[in-house]
Amino acid sequence: MRKKYSKLCIVCRARFTTFPSVAKLYCSPTCAGQGRRQPRGDCSVCGTGLALRNSTGKCKPCFNKSRAIETLKDCEFCGIQFPVRQWRINQGRGRFCSRECTNQFLTTLTGEESLRWAGGKDRRRGVGWKVSREWALVRANQLCEQCGAKRRPGLLNVHHIKAYKDCVDDVEDNSPNNLIVLCRACHAKEHLRTLQKRNGNWDEALRFEHIIAAKRLGPMDLAL
């Protein structure tokens, strides 16, 4: 059962009980009516004791007048002057004179200037990717070449040991020696180790690279 707590009415100063989740200020509808009719302070513009309707310190008529003030501004796309209300300028809005100028400006935001720029990720796999991928899956025989766990083909990922952007061409990128079959867990760990390498943690990154070399190239002296 929810507990109530005691609170003071802001009009008659009588105590009443309410739930903590209820923002209640008055003990009764009568006090609520009186409290809403009472002015909360003097208007900072006209000085009258009208009820303030917002946090600006202005009464409603003065607040509406201030929102209606207009200023001439140059359109950031076509350069034509147009009237815009001051409150829109204060909010960082009103940059363009029309919807057409806004749309034309958005079409210029391409590449790194785009609002949806995500770093320029290249998702191309290059020539021969599909054939090389199928060959790697056949070579792995439904086994993760990192941990040896057996998985059905749908749960195995073919990972590029050397990233596409670091390869000279598609032949090097999709070479069988540049592909390793990993389960989802090992694939996630590999990308984590890539981040560790970028952040300067070379021990974990080099250990994984030696495991890859042992799996792919066969027994050899890989000791540092």
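The values are calculated or read from the model by the stated rules, or taken from the named source; none is laboratory data. Small disclaimer: the values here were computed from a predicted structure and weren't measured. Please note: Cβ atoms are built from the backbone with ideal geometry, for glycine as well, and neighbour counts cover all protein chains shown.
Okay, residues lined up against (1) at pLDDT below 85; (2) polar (S, T, N, Q); (3) touching a Gly at 6+ places or on another chain (Cβ under 7 Å); (4) surrounded by fewer than 12 Cβ atoms within 10 Å (Cβ to Cβ):
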| site | (1), (2), (3), (4) |
| --- | --- |
| 156 | no, no, no, no |
| 167 | yes, no, no, no |
| 184 | no, no, no, no |
| 201 | yes, yes, no, no |
| 209 | yes, no, no, no |
| 220 | yes, no, no, yes |
| 224 | yes, no, no, yes |
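Listed conditions (1) among the small types (Gly, Ala, Ser); (2) at pLDDT below 90; (3) in a loop (DSSP other than H, G, I, E, B) are all met by residue 79, apart from (2).
Pairing residues of the range 85-99 that are closer than 14 Å to residue 74 by Cα and free of Cβ contacts under 8 Å to residues at least 40 places away in the same chain with residues that are among the polar types (S, T, N, Q) and not in a helix (DSSP H, G or I), at Cβ distances under 8 Å and at least 6 apart in sequence or on separate chains, gives 85/71; 86/71; 89/71.
Among the residues of the range 148-191, those that are closer than 16 Å to residue 128 by Cα and polar (S, T, N, Q) comprise 174, 175, 177, 178.
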